[in-house]
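Below: one structure, written as structure tokens.
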Amino acid sequence: MHLVLAARRADRMNELAESLETKHGTKCHIVAIDLSTSDAGLKLVDEIDKLGVDIELLINNAGVGLIGEVSTTEPVDIQRMLNLNVNTLTDLTYRVLPGMLERGHGAIINVSSVAAFQPVAFMGSYAASKSYVLHFSEALWAETRSRGVTVLALCPGVTETEFFEVAGAPGWLKKHSSQTPAKVVRKALSALEKRRQFVVTSWKDYIMTILVRLATRRTAVNESKRYFRAGTNENTNLPASSAASDDQNKS
Ligand SMILES: NC(=O)c1ccc[n+]([C@@H]2O[C@H](COP(=O)([O-])OP(=O)(O)OC[C@H]3O[C@@H](n4cnc5c(N)ncnc54)[C@H](OP(=O)(O)O)[C@@H]3O)[C@@H](O)[C@H]2O)c1
């Protein structure tokens, strides 16, 4: 099996490539690239074309979150996040899918989130970006499933990665129940084999996605405020004022 890894940190990818090659004989090609730039999709596909291989499985996994109040969030950071989570994911999908359809086989896993099922206060644009990924992927699943191709929206809940540290909530992970990346991968591959359109990777999170649909939209979004509220979560970068204003809103 050949694998192309794409992210910004070449050292991390080199370590991973070495370990995959030693343990499994997987040949890895590394592309150090910032996928939040507007021509990233084109550059990456060009690079893969040079290898002369067909893409059998595209995994759009690279993504970041931003947790914080609107007034303390830099618009440029939001722009970069949306470029990565939405634009490049869409661009790569549109560049790779036609070849798969022509060959009559292939698969795409787009990494969404359990946050895709509802608006989430203090991470509104991230949650909305993941709703986009979920809806976009499901639509493509319906469009292409009879043509030998499958598109899966993978919706993990809290997972033990660097996500929350990068998103501006270091320490948050330790205080919440979480799952391992290995479990998420197992669930994803099993769902892909069953050609499912989406998968939520734990029962607890799956039930939550159903409850959110049963609740009013107002209740769902108000409940979401509890997750990243300052005061209850001192390990976020939210200013203390957001807890106070929350209490004022309640009264
Ligand atoms: N962890 C969770 O609780 C959770 C829950 C639901 C969904 N997700 C989703 O899962 C996916 C993977 O995130 P993770 O949890 O594994 O977080 P992570 O540990 O922070 O990993 C993020 C990955 O994306 C790459 N990346 C980030 N910015 C990039 C950029 N501009 N260009 C290229 N690559 C970039 C990173 O590599 P470099 O930094 O080297 O570029 C890294 O490999 C994301 O789409 C995230 O939204 C995570």
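What follows is calculated from the coordinates using simple rules that are stated; it is not laboratory data. Just so we're clear, the structure is a prediction, and the values are computed from it rather than from any experiment. Cβ coordinates were reconstructed from backbone atoms using ideal geometry, including for glycine residues, and neighbour counts include every protein chain displayed.
Some notes on this structure:
- Those residues of region 54-88 which are of a type in the set (Asp, Glu) and in a helix (DSSP H, G or I), in sequence order: Asp77
- Among the residues of region 131-170, those identified as more than 13 Å from the chain's Cα centre (by Cα) and surrounded by 19 or more Cβ atoms within 10 Å (Cβ to Cβ) are Leu140, Trp141, Val149, Thr150, Val151, Gly168, Ala169.
- Tally, over region 133-169, of residues that are within 12 Å of the ligand (Cβ to nearest atom), out of contact with any strand residue (DSSP E or B) (no Cβ under 8 Å at 6 or more places or on another chain), touching a residue at least 24 places away in the same chain (Cβ under 8 Å) and not small (Gly, Ala, Ser): 3
- Scanning region 89-109 for residues that are outside any helix (DSSP H, G or I), of a type in the set (Ser, Thr, Tyr) and within 26 Å of Val212 (Cβ to Cβ) turns up nothing.
- Residue check, Pro75 under 26 Å from Met208 (Cα atoms) and of a type outside the set (Asp, Glu): no
- Cβ-Cβ under 9 Å pairs, at least 6 apart or on other chains, region 23-48 side among the aliphatic types (A, V, I, L, M), far side part of a loop (DSSP other than H, G, I, E, B) and loosely packed, with under 14 Cβ neighbours inside 10 Å: Ala32/Arg8; Ala32/Arg9; Ile33/Arg8; Leu35/Arg8
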